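All remarks here apply to the structure that follows.
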Protein chains: 2
Amino acid sequence: MIKVLLAEDQGMMRGALALLLGLEEDIEIVAQVGNGDEILPKALETRPDIALLDIELPGRSGLDAAADLRSGLPECRVLILTTFGRPGYLRRAMEAGACGFLVKDGPVEDLAAAIRRVLAGERVIDPGLAAAALGAGPNPLTQRERDVLAAAVDGATVADIAAKVHLSPATVRNYLSAAIGKTSTRNRMEAVRAARQNGWL
Amino acid sequence: MIKVLLAEDQGMMRGALALLLGLEEDIEIVAQVGNGDEILPKALETRPDIALLDIELPGRSGLDAAADLRSGLPECRVLILTTFGRPGYLRRAMEAGACGFLVKDGPVEDLAAAIRRVLAGERVIDPGLAAAALGAGPNPLTQRERDVLAAAVDGATVADIAAKVHLSPATVRNYLSAAIGKTSTRNRMEAVRAARQNGWL
DNA sequence: GGAGCCCTGGGACAAATGTCACGGGTCACC
DNA sequence: GGTGACCCGTGACATTTGTCCCAGGGCTCC
């Protein structure tokens, strides 16, 4: 019997997947959580064989949680299940020790199959994505550039960003300019868009 | 037997919901589509009693499709099922003739129940959302202001927008300024954010 | 001890952006 | 016929934004 932990924020998706996997005779859902912070505690409590994690969760992200599990419960495999097939997500998932990476676009039948293959020791990766991940180079952005860019979402002004990151406005503009250059875009919004697209956050 | 058409772009979600609803003994999925443009043709072909529509679909949006069904297949009820509980979405769904509005956050059990209640002639609306919809006033934006704002997503420059909407750059800036004023925001990005939040698009 | 990178700031400048006041046009409504 | 919406455009203006210089301090690696 394969014990599964399921982390997914959309209630309907979570419920549907749980019911679905429950129908498989060799799979048992031992825990369901809708928040990233609950993943590690629940896993320690229920000792699943595999954790099925969404990336974009309230609280701790699925990628962070994957790293937590790696150190806190190493025998538990991690399978990332996400809406967005961004190359950088895949890269970061692998670095965090995930054994598989599926996008939610695919057919449901893939899911149970992927779980069994991961448990068998295989690595399961969406094939189209693997190619894209190899195409996109490594993250060219510096730590501070990422911070500033992340603070620039939804139209914050330079002053807003400076306050949020505790930097001088002049410095913020320098970082923004650098990020815009490195992403080869024309303004901050395009830069955040490009950075998110590649999973550079 | 209740005949259901299911429109949802995420393959996994679509498959899971279909399987789930198929387990109910009084429900039958007669069509599944992942694209808004296929909704009306498929509905005319399979004559469902109720259409379960996501809003954000490739091609025609679920709200547009709801209006199509209203005129093309009036006996088919429409139940909107969406990720985003934006007040304006609810308003527009009702104007398009939808009989129900559910958010994907809720438990799966609600879904089959909602389908039956809609078929019984009831209107099913997420209760929290109904209050929010009454709170947010009607759309203050003019047609052109909406166009310009919609073209301003993801960091397009004024020249870009002008080209996309076939207007003079100066005029675009005027509309942008008006939209910013009406949304009481500070720049275009905050304006599009606010407008989308309220479903003013 | 360099060389190189990142972090942090500043100043100066061109370009883009947001605001305002002002034209003229159509159309509906009273 | 007048009033008031919305449409489309211009010109002028202050502010913000993006770019390019510069400089110092920290850090690692050779």
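Annotations for the structure displayed:
- Residue match in region B:21-30 (condition: crowded, with 23+ Cβ neighbours inside 10 Å and assigned by TED's automatic domain parsing to the domain that holds B:R123): no
- Selection from region A:71-93 of residues that are open to solvent by less than 50 Å² (accessible area, probe 1.4 Å) and hydrophobic (A, V, I, L, M, F, W, C): A:L73, A:C76, A:V78, A:L79, A:I80, A:L81, A:L90, A:A93
- Among the residues listed as B:A159, B:A170, B:A194, B:A179, the single one being away from DNA strand C (no atom under 12 Å from the Cβ) and modelled with pLDDT of 90 or more: B:A194
- Cβ-Cβ under 6 Å pairs, at least 6 apart or on other chains, region A:30-42 side assigned to a loop (DSSP other than H, G, I, E, B), far side among the small types (G, A, S): A:N35/A:G59
- Within the span defined as region B:52-64, one or more residues are within 18 Å of B:A96 (Cα to Cα) and of a type in the set (K, R).
Residues checked against (1) at pLDDT below 90; (2) within 14 Å of chain A (Cβ to nearest Cβ); (3) over 30 Å from B:A18 (Cα atoms); (4) away from DNA strand D (no atom under 16 Å from the Cβ):
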residue	(1), (2), (3), (4)
B:L79	no, yes, no, yes
B:C99	no, no, no, yes
B:P107	yes, yes, no, yes
B:A112	no, yes, no, yes
B:V118	no, no, no, yes
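The values are calculated or read from the model by the stated rules, or taken from the named source; none is laboratory data. Every value quoted in this text rests on a predicted model; they were computed, and no experiment measured them. No Cβ is skipped: glycine too gets one built from the backbone with ideal geometry, and neighbour counts run over all protein chains shown. With ligands, DNA and RNA removed, areas are computed over all heavy atoms of the protein, side chains included. Shrake-Rupley method; radii C 1.70, N 1.55, O 1.52, S 1.80 Å.
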